[in-house]
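The values are calculated or read from the model by the stated rules, or taken from the named source; none is laboratory data. Source: prediction; values computed, not measured. Cβ: placed from backbone, ideal geometry, glycine included. Neighbour counts: every protein chain shown.
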Amino acid sequence: MSQFVSEAPKPTGERAVAAVAALVVAAGQGLRAGQPVPKQFALWRGKPVVRHSVEALAAAGCSPILVVIPQGADAIAREALAGIAGVQFTAGGATRQESVRLGLEVLVAAAPDSVLIHDAARPLLPGEVVTRLVEALNHHKGAIPVLPVVDSLAHAEHGDVMGAPARREDLRRVQTPQAFRFEDILAAHREWDGAAAAGDDAQVAQAWGMEIAFVEGDEILHKLTYAADFAPLQPLVRVGTGYDVHALEEGEELWLCGVRVAHTHGLSGHSDADVAIHALVDAMLGAVGAGDIGQHFPPSDPQWKGAASDRFLGHAGKLVAEAGYSLGNADVTIICEAPKIGPHREAMRARLAQVLGVDIAAISVKATTTEKLGFTGRREGIAAQAAVSLIRL
């Protein structure tokens, strides 16, 4: 998207930019986000929202960093940004523009050459965007990150009727941080008449007569606005592992991967003791963060005495689907000296695929020995381990 870099004409005369301060606007209430605290202080991906961008600005070398916060929010703000050196706080005003002006007045004492003004609700801030903005200030008094508009656009008639189409080629999606030479943006905010609401600082600067350059923005600079933006991140792929072991005893049936195998001994357990399925169930439960097989089917519960383990596997498959995933593949390894697994391998794969409702190609069953070492080598028991991958639906 290089066509969006410095689209505004370059003024004559270059200027080296140094001493970049940052002003983070975090004075709003964020009510649409549906969080118990203002959204800028709500946890998002393990940290308060505001902390993400403040850390990024600090890593980019911005100093000082001033965070404009709501009245009376000193305690929650300091807790959210604890441990980040050089961060200052000041209370905001009734509007975003007033909050920014108040913050700029505080920064006067630091005498920065330029300033980045950023919305706290945009937590993911790539360093490359900061670099492009600061470099643009070598030629311009102001620069903003933008993205192209890819959807068709139309004016709204009476709010809900399509009017004339709009040319998307003439429009850009505007993001923050927005970069300005400090004295110029300070003057622009001081002279803003406040008759109209300012959507961002570029509008204030443009009304003052400043020419604003475009630089390439980034889709990752998405603004958190609604409750859905705070939903847990669902990765495309999740993985899980499982391990189980059961003792071999005379007089028991031997079930492995849902297949009854003829043998002198069987596995002992509360259910049918299918060690391979138990390992696979634990792998699937682990992949979706749903605990382990003992939580869902406790051995103390008499209803599971002698139960077929494929019921457990079917339950795990249901939980995987409810979490929004499907099985990518499953790899099961059975560890024993006897019986031989090879003759039963394809039947085992087919049974697991049937229970899980997947193609047999997604199921692998293998066997190995411990070279007569340990309890499996002494034929006292059988162990199994499993690994699965899940793919987001």
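Of the residues making up the range 177-187, those that are of a type outside the set (A, V, I, L, M) and either exposed (fewer than 10 other Cβ atoms within 10 Å of the Cβ) or part of a strand (DSSP E or B) (or both) are 178, 180, 181. Filtered by the rule that a residue be crowded, with 16+ Cβ neighbours inside 10 Å and either basic (Lys, Arg) or modelled with pLDDT under 80 (or both), the range 9-36 gives 17, 28, 30, 33, 35.
Tallying residues that are without any contact (Cβ under 8 Å) to a residue 40 or more places away in the chain and aromatic (Phe, Trp, Tyr) within the range 36-75 yields 1. Across the range 364-383, the number of residues qualifying as in a strand (DSSP E or B) and over 33 Å from the mean Cα position of the chain (by Cα) comes to 7. Scoring residue 186 on the criteria (1) over 20 Å from residue 147 (Cβ atoms); (2) touching a Pro at 6+ places or on another chain (Cβ under 8 Å) leaves a single failure, condition (2). Those strands (runs of 3 or more DSSP E) of the range 128-176 in which 3 or more residues are over 18 Å from residue 53 (Cα atoms) occupy 142-148, 153-157, 161-166. Of all residues in the range 244-285, those that are touching a Lys or Arg at 6+ places or on another chain (Cβ under 8 Å), part of a loop (DSSP other than H, G, I, E, B) and farther than 18 Å from residue 364 by Cα total 3. Evaluation of residue 224 against the conditions (1) within 30 Å of residue 100 (Cβ to Cβ); (2) not in a loop (DSSP other than H, G, I, E, B) shows that the sole unmet condition is (2).
Screening the range 131-176 for residues that are closer than 28 Å to residue 109 by Cβ and small (Gly, Ala, Ser) and picking the one that is surrounded by the fewest Cβ atoms within 10 Å (Cβ to Cβ) gives 136. Cβ-Cβ contacts under 6 Å between residues 6 or more apart (or on different chains), taken from a first residue in the range 342-369 that is within 9 Å of residue 330 (Cβ to Cβ) to a second residue that is among the polar types (S, T, N, Q), are listed as 362/329. State yes or no: is residue 68 closer than 14 Å to residue 26 by Cβ, aliphatic (A, V, I, L, M) and within 23 Å of the chain's Cα centre (by Cα)? Taking the combined requirement at face value, the residue does not satisfy it. Within the range 286-302, the set of residues being in a helix (DSSP H, G or I) and surrounded by fewer than 24 Cβ atoms within 10 Å (Cβ to Cβ) comprises 286, 294, 295, 296, 302.
Please enumerate the residues belonging to the range 200-215 that are small (Gly, Ala, Ser), more than 16 Å from residue 183 (Cβ to Cβ) and part of a loop (DSSP other than H, G, I, E, B).
none
Taking the range 121-152 as the range and being closer than 30 Å to residue 29 by Cβ and in contact with a strand residue (DSSP E or B) (Cβ under 8 Å, 6 or more places away or on another chain) as the test, the residues that pass are 123, 125, 129, 130, 133, 142, 143, 144, 145, 146, 147, 149. Taking every residue in the range 324-339 that is on the phi > 0 side of the Ramachandran plot and pairing it with any residue that is in a strand (DSSP E or B) and surrounded by fewer than 23 Cβ atoms within 10 Å (Cβ to Cβ), at least 6 positions away or on another chain, the pairs with Cβ-Cβ distances below 9 Å are 324/392.
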